[in-house]
Amino acid sequence: MNDKVVLFDRPAPHVARLRINRPDKRNAIDHAVRQGFIEHLLALQDDAEVRAIVLGGVEGVFSAGGDIPSMLGLDEAQARERMRHIHVLCRLVAGARVPVVSAMEGVTAGAAVGLALLGDRIVIGRGARVLFPFLKLGLAPDWGQLLTLPRRVGLPVARCLLSDGEPVRGDEALRIGLADVMCEDAEVMDRAVALAGTLAQLPTEAFARMKQRLNQPAASLDDELQREETDQAVCLLGEDFQEGYAAFRDKRAADFIARPGAKR
């Protein structure tokens with residue numbers, strides 16, 4: 001594992017945290033950072049203790065985005081290989097079966113915005129700045145943002161954000177739906193960990209199936225109803241539903257972690 005540029009810890013029960021550790025570069029994302037994320041996320045797929053993941057950076061900054069100097073001097077084959085490496089990480093985050101929460105502290109720019117949008121929830125600081133610098137650099141948006149950003153904020157707003165390139169502050173990010181929770185700057189990481197802890201209590205199989213269908217919408221109602229039939233048939237026969245029903249019957253909160261056989 002590349003523990004120098006990506007720090008891994010477990011800040012709360014059932015929560016894993018990955019933080020970019022390049023403070024001298026404002027946590028810019030280069031090949032080593034991407035590879036560190038990839039290796040950790042692959043390992044977490046088999047970690048039965050982890051039911052939620054937090055993404056962030058060190059020293060009060062999520063990330064200044066892609067490491068621009070590392071993009072210079074590439075030939076076409078190298079440029080395509082760089083994008084393929086990025087896309088391995090994109091697919092791992094978007095396809096994670098557990099909730100992924102991003103902590104937008106300080107500055108979140110470019111690639112880091114794309115990384116956050118691939119997750120499930122975003123916590124932002126009141127004084128944070130979210131930047132979309134692609135067109136100013138002569139680049140098209142990447143990290144899946146032409147899909148994920150309009151899904152979050154709507155197509156007209158996404159066009160403005162990407163074309164204008166103006167910083168988005170915490171209150172505006174919350175208003176337009178770019179973030180889900182806003183708090184004081186010093187509280188962002190703690191709030192992200194707490195939110196991940198809450199999401200970790202959800203039934204993992206049902207959540208994973210819901211997430212997959214939200215990320216890959218059906219082409220028609222008939223297609224969606226067929227997927228719904230398959231998912232619900234699995235869930236209705238599962239132990240999480242047994243626990244959910246028992247909790248409903250007994251007028252208590254369901255405990256999907258403590259039930260026998262649960263992912264812990």
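Since every read-out is calculated from the coordinates, none of them should be taken as a lab result. All values reported here derive from a predicted model rather than from experimental measurement. Quick reminder, even Gly has a Cβ in these numbers, built from the backbone with ideal geometry, and neighbours come from all protein chains shown.
Remarks
- Where both bridge residues fall in the chain, DSSP classifies roughly 25% of the beta bridges as antiparallel.
- When the chain is treated as a GNM with alpha-carbon contacts under 10 Å, the residue of A16, A186, A246 showing the greatest mean-square fluctuation is A246.
- Helix 204-215 axis, angle to the chain major axis (alpha carbon atoms, nearest 10°): 50
- Maximal additional length on extending the E239-K136 stretch stands at 31.9 nm, based on 0.36 nm per residue less the C-alpha distance.
- Nonlocal amide H pairs with R26, under 5 Å, H built at 1.01 Å: none
- Comparing V168, V193, V157 in a Gaussian network model of the chain where C-alpha atoms under 10 Å apart are linked, the largest mean-square fluctuation is found at V157.
- Using a Gaussian network model of the chain in which every pair of alpha carbons under 10 angstrom is joined by a spring, one finds that among D24, D164, D185 the greatest mean-square fluctuation is at D24.
- Here, region 204-250 is characterised by an Rg to Rh ratio of 1.07, where Rg is the alpha-carbon radius of gyration and Rh the Kirkwood radius.
- Between helix 188-199 and the chain there is an angle of about 30 degrees, using the helix long axis and the longest principal axis of the Cα atoms.
- Farthest towards the positive end of the charge dipole of the chain, among the residues L174, I122, N215, is the Cα of L174, using unit charges on the Cβ of Lys, Arg, Asp and Glu.
- Net charge, C183 excluded, C-beta distance under 10 Å - Lys, Arg +1, Asp, Glu -1: -2
- Shape call, region 1-60: gyration tensor on alpha carbons, a/c limit 1.5: oblate
- Taking every DSSP helix (H) stretch of at least 4 residues in the chain, weighting each as -39,500 (n - 2.57) and dividing the sum by the residue count yields a mean residue ellipticity at 222 nm of -14000 deg cm²/dmol.
- Averaging Cα coordinates gives a centre for region 70-113 and one for region 45-61; these two points are 16 Å apart.
- When only the Cβ of Lys, Arg, Asp and Glu is charged (+1, +1, -1, -1), the dipole of region 1-112 relative to its Cα centre reaches about 200 debye.
- Contour minus Cα-Cα distance for Q201 and R227 (0.36 nm per residue): 6.9 nm
- Rounded tilt (10° steps) of 155-164 against the dominant C-alpha axis of the chain: 30
- Magnitude of the charge dipole, the chain, Cβ model with Lys/Arg +1 and Asp/Glu -1, debye to 20: 180
- Residue list for region 99-117, given a label point 7 angstrom along the Cα-to-Cβ vector of L147 and an amide N cut-off under 18 Å: 100, 111-117
- Sequence-distant residues sharing a close amide H with N21 (under 5 Å, placed H): V6, L7
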